1. Is there any pair with a first residue in region 526-548 that is among the β-branched types (Val, Ile, Thr) and a second that is more than 16 Å from the ligand (Cβ to nearest atom) and not in a loop (DSSP other than H, G, I, E, B) whose Cβ atoms are under 8 Å apart and which are 6 or more apart or on different chains, and what are they?
2. Restricting attention to region 81-90, which residues are of a type outside the set (Lys, Arg) and surrounded by fewer than 16 Cβ atoms within 10 Å (Cβ to Cβ)?
3. If Lys156 passes every condition in (1) among the basic types (Lys, Arg); (2) crowded, with 24+ Cβ neighbours inside 10 Å; (3) within 30 Å of Arg482 (Cα to Cα) but one, which one does it miss?
4. Quick one: would you say Thr252 is β-branched (Val, Ile, Thr), over 26 Å from the mean Cα position of the chain (by Cα) and either modelled with pLDDT of 95 or more or closer than 29 Å to Thr572 by Cα (or both)?
5. Looking only at region 516-562, count how many residues are within 16 Å of the ligand (Cβ to nearest atom), crowded, with 19+ Cβ neighbours inside 10 Å and over 30 Å from Lys160 (Cα atoms).
6. Name the residue, out of Ile130, Ile163, that is closer than 30 Å to Asn464 by Cβ and crowded, with 17+ Cβ neighbours inside 10 Å.
7. Within the set of pairs 6+ apart or on separate chains, which have a first residue in region 120-144 that is among the basic types (Lys, Arg), a second that is within 16 Å of the ligand (Cβ to nearest atom), and C-beta atoms under 8 Å apart?
Amino acid sequence: MPFKPSLLSAVVLAAASTVSTCPAQTIFPLTRADILAGSRFDFKVEFDSVVDPAQIKVLVNGLDYTMTLGKPAEFIASEDGKEVSSLLLRDVSIDKPGEYVVTATDGKTRQSVTWTVYDTPAKKAAKNVILFVGDGFSIGHRTAMRLLSKGIEGGKFTSKLAIDDMPYMALLTTQGTDSIITDSANAAHAYTTGHKSCVNALGVYCSRAANTLDHPKVETLTSLAKRHGLAVGAVTNSEIEDATPAAMVAHTRRRSNYNDIVDMFYNSNIDVIMGGGSPNFLPMSTPGSKRKDDVNYIERFKQANYRLATTKTEMQDAANDSKTTKLLGLYNTGNVDGALDLKFLKKGSVSKFPDQPDVPETMNAALKILSRNKNGFVLMVESARIDKYSHSLDGERAIYDAIMLDNAVKQARQWAKEHGDNTLILVTADHSHAVSVVGTVDDDKPGTDMRNKVGTYNEAGFPNYPAPNAEGYPDKVDVSRRLRLVFGSYPDHYDTFAPHMDGEFVPAIRNAEGVMVANEKYKDQAGAVLRVGNLPNQGPGAANSGVHTADDVVLTAVGPGAAQVHGQMENTDVFRVIAQALALAPRANPVAASKIQKK
Ligand SMILES: [Zn+2]
């Protein structure tokens, strides 16, 4: 991002006429960071050469930085053995709200950044916060799920989705510090830290550090909530180490560091975690383990008083036991199956894991356990496979998982109503996919060319799915007149104009020459049409699936503190809304300071 000095930093720069203003340093946190007063962060200045420490001068609002940050930084003469020096100061905080201009010079060049430190009210408005994330949940999914699960009469929907029936709504922008396109890591990181970061990063700014765990950290929502005596949970139907739940606790430049992330969950003292991904908890001597050591994290969690659940039955037994205050739930070796497979088609891994909970069930178990903490709680609930099924261009599976998200929200709202009406409920996505409903497909139209069975405008009419069941799902997805869902980004694939009844769609595979090609498995399906992809098909960046888009996502909110949600907001503002509602700045509720990460 080009360096844009604010008015105040421009004044500082103008006064420093003897040194070049070319930005030969990078200062972390990056410019325009919004920092919650009292939240912990690492301060780092990277110089682009080996510098003389005697020539280094770092000022915060014109005074030596130690006046604001409290202690001197470590000077690293040669970072990672390279010809570059750095200053590093871990685990600092700023308690006083205001604008902070930080300038750093090595005597030859100078860089400047501006941070805004913000406060929260002294008294919290909400006792609890539930943050729902539909991973990759886009406007197209929202419209499609409404068309499937709500009736239309006279051109109007006859009832509302729970996610729509909320008093406050905003559009969130999702861009990061390195790119216009975000992934689930830096997107969730924005919600759980209030800082922007780059693709694949969790709980850190992306510096030049060689080690993925050495990048400048920022404090997570879990750490802050724990400092205020709240219970914390993260439940999902992805692997629990996956980016969205991991953002609740992790500090790593690489979201793929699953084994480190398991350790970070353990050290965070988070109260409830549930999802798939058991192999990274098991010692390498156990068949199927994905660990590189012989640490048994399941045993470690149990020794730290966590109940373990590996099935829905065990989960419900644990949640119903009034003594349970901590729970580790691992229901699959990979991702938990999505709603269409779990409830209707029994494909995916359902035969191998027949007793997996769905997202509303894990949420209800988490609510029972977390609400035993009288100070309140923060819970993240993710419907993760809306994203995964959109990557694989499996529209129907994505829509059923969007309906599952709505069910969870509906039940959370009911829970909140029955438990004091003091819970802030936020529902959003982390990023979008290029998915849209363009009409219907009608098998009864004449001919064999499936393209000519697509109805657009008045020809689309209405689909003929059966009336939805109590959870909002039509119990038949392969109806004769169904939604025509299209994706705008895709690899080479065979478009079958039909739901994939025998398991999740696998659009493209790599051939012997390393080129991504359409999966021949679908070639002979009636009416299948070859679509030539519009994404890279060769090299390391070759795409076997659709990709995320830069489109805004919708945030809806209800409950105390929800009025902060309106207009266009940055994704980082979601953290701020939560911090405001829970009065997370330290003066409101001082608890002994704790480290970002327990060692
Ligand atoms: Zn994704």
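1. So the pair list comes out as Val529/Met450; Val529/Arg451; Val529/Tyr494; Val529/Asp495.
2. Selection gives Gly81, Glu83.
3. Condition (2) is where Lys156 drops out.
4. no
5. 3
6. Checking each option against the conditions leaves just Ile163.
7. Arg142/Ala402
Quick grid of which residues meet (1) of a type in the set (Phe, Trp, Tyr); (2) within 16 Å of the ligand (Cβ to nearest atom); (3) buried (at least 17 other Cβ atoms within 10 Å of the Cβ):
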residue	(1), (2), (3)
Lys44	no, no, yes
Ser49	no, no, no
Tyr65	yes, no, yes
Glu79	no, no, yes
Asp119	no, no, yes
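The values are calculated or read from the model by the stated rules, or taken from the named source; none is laboratory data. The model shown is predicted, which means the values in this text are computed figures rather than measured ones. Because the Cβ atoms are built from the backbone with ideal geometry, glycine has one as well, and the counts that use them run over all protein chains shown.
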